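The structure under discussion appears below in the form of structure tokens.
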Amino acid sequence: MLTCSIVLFFISSCGIRERSKANSYSPNVIPFNDTLNVFDTFCTISIYGKINESYAKVCINEIKELLYKYDKMFSRTDENSEVYKINKRISDEVYVSKEVANLFKISKDFYKWSGGAFDISGGTLYTLWDVKNRTNLPEKSQIEEALLHIGNFDYDVHEEDNNEESVKITFYGDTKTIYDFGALVKGYACDAIKNLLKEKKGISAALINLGGNVFCYGKMLNREGGNFNVGIYKPFSNGEIAETVSVHDKCVVTSGNYERYFKIDGDNRVYHHIISPYDGYPTNNGIDSVTIISESGLLSDFLSTAVMILGEKKGRELIEKCKKEFGIDIDVIFIYSTGKIILK
Ligand code: AMP
Ligand code: MG
């Protein structure tokens, strides 16, 4: 369980607190809040609007249901999850939910566009670097073995074959490959929450913090430009803020090396959870964190991880490619281990 998120958010001077019952139709600047543990992290939900408490509860519960659903669906360890069953490769042909099929499909592009840096088929490697439970390096031979099973996109998503409920995927080739959507699922969940909130009358704004993924929905009525302020942590500090961004209707996603890591005696290197498929080791390119700001949760999540691995030059090329492909604005913040911060 992560004890702190890598992105902190600030709320207006009133702070986050429960709106009192007597005050339930008061100016819609005080949120209704809730918290939960999903995606192995502590998450918070705040919603704003001219809404009463019972309606707020309904909305928050629907958001929580969505989060629980995606947490379970994409889990690598839950024996009942779709991804777990795929990884067991009990059958080469599987029927999965549209959501899982969607991510399998787009992940092929993400792999191609990132030149192999972003690889959902790298689960053998990412499991080996289980930095939460590790205090020593894996054997070189283990890394070499894990590398044999990555970069496997030898599957077809049969969209033509789908019915209302499920989509067929056929897997060919290496059955030892492990698929891992940890770098995408939180962003994907934020997009689903956005679609849910759009259907809800009366909600003017919401802030969903999934520990490193901060989704700012709608406009804050008491703020200039309707913006939320989102603080980006200074890596390896005690909660200091390195930079603050002011945004609305954006997903602010940070990938960093300071969130889950270990060190070994006599070595200053940080062994963390974002792994370069090129050499099988955690990235070590001088970048401590990458923050991506865009209207798409999925893209922000994909890019923050991919750019961490690619570094600034190639990372910027990938961002440009995505801007063109999806026609959206994408901003980036690099924080280097030297302390240097590069905006945009
Ligand atoms: P994020 O926090 O979004 O940057 O995602 C980190 C998680 O993505 C890790 O915990 C792994 O599960 C997974 N991961 C690590 N390296 C990669 C990679 N090169 N490509 C795709 N996913 C990765
Ligand atoms: Mg990511």
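Bear in mind these aren't lab numbers, they're just calculated from the coordinates by the rules spelled out. Since the model is a prediction, treat every value here as computed from it, not as a measurement. So basically every Cβ, Gly included, is an ideal-geometry build from the backbone, and we count neighbours across all protein chains shown.
Quick look at the numbers
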| quantity | calculated |
| --- | --- |
| Rg ratio (alpha-carbon, reference 2.2 N^0.38 Å) - the stretch 28-67 | 1.18 |
| Positive minus negative residues near Lys344 (Lys, Arg vs Asp, Glu; Cβ under 12 Å) | -3 |
| Total formal charge among the other residues, if their Cβ is under 15 angstrom from that of Pro277, Lys/Arg +1 and Asp/Glu -1 | -3 |
| The stretch 33-107: relative contact order in percent, alpha carbon pairs under 8 Å with at least 6 residues between | 17 percent |
| Whole-Hz ³J(HN,Hα) from phi, Karplus 6.51 cos²θ - 1.76 cosθ + 1.60, for the stretch 293-309, glycine and proline x | 10, 7, 6, 9, x, 4, 5, 4, 5, 4, 5, 4, 5, 5, 6, 3, 7 |
| Net lengthening on full extension, Ser97/Lys132 (0.36 nm per residue, minus Cα-Cα) | 9.6 nm |
| Long-range HN-HN contacts of Ala242 with modeled amide H, under 5 Å | Ile232, Tyr233, Lys234 |
| Which of Lys98, Lys324 has the fewest Cβ neighbours within 10 Å, and the rest in rising order | Lys324, Lys98 |
| Cβ-placed point charges (K, R +1; D, E -1), dipole of the chain about Cα centre in debye, nearest 20 | 1160 debye |
| Angstrom value of the Kirkwood radius, inverse mean 1/r, which spans all Cα pairs in the stretch 94-210 | 16.6 Å |
| Residue-averaged [θ]222 nm for the chain, counting only DSSP H segments that reach four residues, each worth -39500 (n - 2.57) | -9500 deg cm²/dmol |
| Ile178 long-range amide H proximity, modeled H, under 5 Å | Gly123, Thr124 |
| Mean separation of Cα contacts under 8 Å (6+ apart) over length of the chain, as relative contact order % | 18 percent |
| Whole-angstrom gap from the stretch 239-259 to the stretch 291-344, using each part's C-alpha centre | 12 Å |
| Whole-Hz couplings from phi, Karplus 6.51/-1.76/1.60, listed for the stretch 118-130; x for Gly and Pro | 9, 9, 5, 8, x, x, 4, 6, 5, 5, 4, 8, 6 |
| Environment charge of Ser81, counting only residues whose C-beta is closer than 10 Å and scoring Lys/Arg +1, Asp/Glu -1 | -1 |
| Cβ-based exposure ranking for Ile264, Ile203, in which fewest neighbours within 10 Å come first | Ile264, Ile203 |
| Debye intensity ratio I(q)/I(0), log10, the stretch 207-317, q values 0.09, 0.10, 0.11, 0.12 Å⁻¹ (C-alpha model) | -0.27, -0.33, -0.39, -0.46 |
| Relative contact order [Cα under 8 Å, 6+ residues apart], the stretch 224-344, whole percent | 22 percent |
| Rounded to the nearest 20 debye, dipole of the stretch 245-344 from Cβ charges on Lys, Arg, Asp, Glu | 200 debye |
| Whole-Å semi-axes of the chain's equivalent ellipsoid (Cα gyration tensor) | 33, 25, 18 |
| For Ile287, Ile150, order by how many other beta-carbon atoms lie within 10 Å, fewest first | Ile150, Ile287 |
